1. Just give me the residues in the stretch 340-359 being touching a Phe, Trp or Tyr at 6+ places or on another chain (Cβ under 9 Å) and either surrounded by fewer than 18 Cβ atoms within 10 Å (Cβ to Cβ) or assigned to a loop (DSSP other than H, G, I, E, B) (or both), in sequence order.
2. Can you name the residue in the stretch 477-490 that is in a loop (DSSP other than H, G, I, E, B) and small (G, A, S) and is also farthest from the ligand (Cβ to nearest atom) among such residues?
3. Which number in (1) crowded, with 16+ Cβ neighbours inside 10 Å; (2) among the polar types (S, T, N, Q); (3) not in a helix (DSSP H, G or I) marks the one condition that T560 misses?
4. Test each condition in (1) more than 22 Å from A473 (Cβ to Cβ); (2) not acidic (D, E); (3) not in a helix (DSSP H, G or I) for R337 and report the one that comes out false.
5. Condition test on P140, is it free of Cβ contacts under 8 Å to residues at least 12 places away in the same chain and touching a helix residue (DSSP H, G or I) at 6+ places or on another chain (Cβ under 8 Å)?
6. Please name all residue pairs, on different chains or six or more residues apart, with Cβ atoms under 9 Å, provided the first residue is in the stretch 539-560 and is within 23 Å of R520 (Cβ to Cβ) and of a type in the set (D, E, K, R) and the second residue is more than 8 Å from the ligand (Cβ to nearest atom) and assigned to a helix (DSSP H, G or I).
7. For the stretch 570-592: of the residues being among the polar types (S, T, N, Q) and more than 20 Å from D548 (Cβ to Cβ), which is farthest from the ligand (Cβ to nearest atom)?
8. Are any of the residues in the stretch 315-329 in contact (Cβ under 8 Å) with a residue 60 or more places away in the chain and in a helix (DSSP H, G or I)?
Amino acid sequence: MSWVTVIWAMVASACLTLAAVHFPVWLKDRAAWPSLFFALLAAANAGLAFCELGMMHAQTPADYAAALRAGHVAVWLLTVSLFGFVRSYFKAGRPWLGWLVVGMRTVSLVPNYLTGVALNYTQIATLQAIPFLGESVSLPVGTANPWMLLGQVANCLLVVFIADAALSAWRRGERAKALSIGGSAVLFALAGIGQAVLIFWGAAKMPITISVFSLGVVLAMAYQLSRNVLNAARLVQDLRESEERMTLAAEAAHLGIWVRDMALGTFWASPRARALFDLSATEAVDLDRLLRKVHPDDRQAIGQTLSSPVPGADRYNAEFRVLEPDGGVRWLSVQGRFEFEEGRPRRTRGACSDITGRKEREQEMLRLRHEIAHAGRVSVMGQLAAALAHEINQPLGAILRNAEAASILLQAPQPDVEELRAIVEDILGDDRRAGAVIDRMRSMLRRHDIDMQPLSVDDLLGEVKALVRPDAAARHVRLAVQVEEALPGVRGDRVHLQQVLLNLISNGMDAIDESGGKVRDVVVTGKLRDARWVEIAVCDSGPGIPADRVEQVFDSFFTTKLAGMGMGLSISRSLIEAHGGRLWAESRQPDTPGACLRFTLPVAAKADNRS
Ligand code: ADP
């Protein structure tokens, strides 16, 4: 029995068996590159084992040279697949070094076939028989080919490439991987290189056994890949368990969940999520199909939210309507986040719930609030009108009488100019009195009971935002509140300030409606103006206020709206002045369209702030 044949055949068959096991893994999962490279590497080593056997059993120098030449092709494939395996498995190693090794190995195939008899010999004079494992095997006697240096330098660089990649994996904490695959590959490669150098340069008399050394690397890789498979199986089990738990929790909370692979465009949706969108259990889901279920008014906004993350933010939440088959609408709230790979959004996960009940309550509240506000305005206007009519009647009557007298005087052929001047003086005096009546009205408003309390600007703006949100959502206006960090509290009357802010924000939204522009933003900001004053601004993306009207808009009864009363800004100014602050409008700037209404409030004393 020939031990050499038995051992080398076993090496080859072990490698081929492992290749046959791992190649189909890659066929099933085209992302499993390590399995493909491992299968190629094992097949290459099997080929090398046959070539080595051919060399040992060669009868003529030509037979030996042919087997040696073929062996170099097997070594080339071994090198390429080792490079591929190390890169894909460790996700490390310098690519340029790997490509240099592959390049040198590829180039070395040229002298292998075109110079001498093979890469290692310019000529093989004869074969020498030496004893090996109890039998006689062939060794060449010939002249070394200097081109073999190319292959040997490539082998040394390959060792450096593998060691470097393994070191990176080690540093990342993947020590078992680095040690078993990196360590064994470096060790066996060094042994193989050492043997080849000694034999081909004539320093040692033994057959080439590189495939036996490489079997160690193949086995170490096979061991690690099987461990991966085992770990993956365990992970699948754990994943199933945690998925069960998550599904249970989501179902209990009536949450529908989905995952969207943004690269492949595929969607997975839980049964509850399907039910929320009226999709059957078997219907394929994609973004278009989902969006078709969304109310046309919300479709564009929600489509954008789900397909492209806002720069700098990986989370999103939105509320939108879904059309029901019976023609009704269902309100859904969705919260989710994007997951990025190499800076690109790769996946998005979201959870959605039915908020129709909440929305209906909000809308009911909004309707009630409008009604109350309307009733309030009507009653204030009624009182004002009654008071005005009463107070102003007298100066108006006097003006009328004076005007009538003047008109009679003017009919005289030579009107008495002195008399006329006196009448005009009287008219002016009455007009001033009428003005004073209006001023008194305003100060009456100013004297309204004001309950000054220390207030947190954050809380104040947050409350107003909560009040306005449904109205803003219905009018498709994005309302943002930005409060400077560590902003001290202010002194003010919560209800009055809310009233002012509500008025300014709804003016902003009216202005946006009027302009009909695409950008529909109202931004409310709070910042410290100086040590004593906090400044709150309400800025919108409407058409702005012309420069010559920035003061006029505060006049009582000034309005440009069909159904406007023109009292909002005038009352707001009175209220802010009653707090000791100032309210003013800023005209449109060329670079920032829209209007900004700003007001100041006094900073609360330190003791107040602490409380
Ligand atoms: P009303 O809202 O009833 O008209 P206001 O006193 O609140 O009364 O506003 C007076 C006028 O000021 C409005 O009619 C409008 O012309 C103008 N105005 C107020 N706010 C804005 C704004 N944000 N952008 C443009 N114009 C505005």
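1. Filtering the stretch 340-359 for residues touching a Phe, Trp or Tyr at 6+ places or on another chain (Cβ under 9 Å) gives 345-352, 354-359.
P345, R346, R347, R349, I355, T356, G357, R358, listed by residue number.
2. The extreme case among them is A486.
3. Among (1) crowded, with 16+ Cβ neighbours inside 10 Å; (2) among the polar types (S, T, N, Q); (3) not in a helix (DSSP H, G or I), the lone unmet condition for T560 is (1).
4. Looking at each condition in turn, R337 falls short on (1).
5. no
6. D540/I505; D540/M509; D540/I512
7. Checking each candidate, the answer is S574.
8. Scanning the stretch 315-329 turns up no residue that is in contact (Cβ under 8 Å) with a residue 60 or more places away in the chain and in a helix (DSSP H, G or I).
The values are calculated or read from the model by the stated rules, or taken from the named source; none is laboratory data. Everything numeric in this text was worked out from a predicted model, so none of it was measured. All Cβ positions, even for glycine, are placed from backbone atoms using ideal geometry, and neighbour counts span all protein chains on display.
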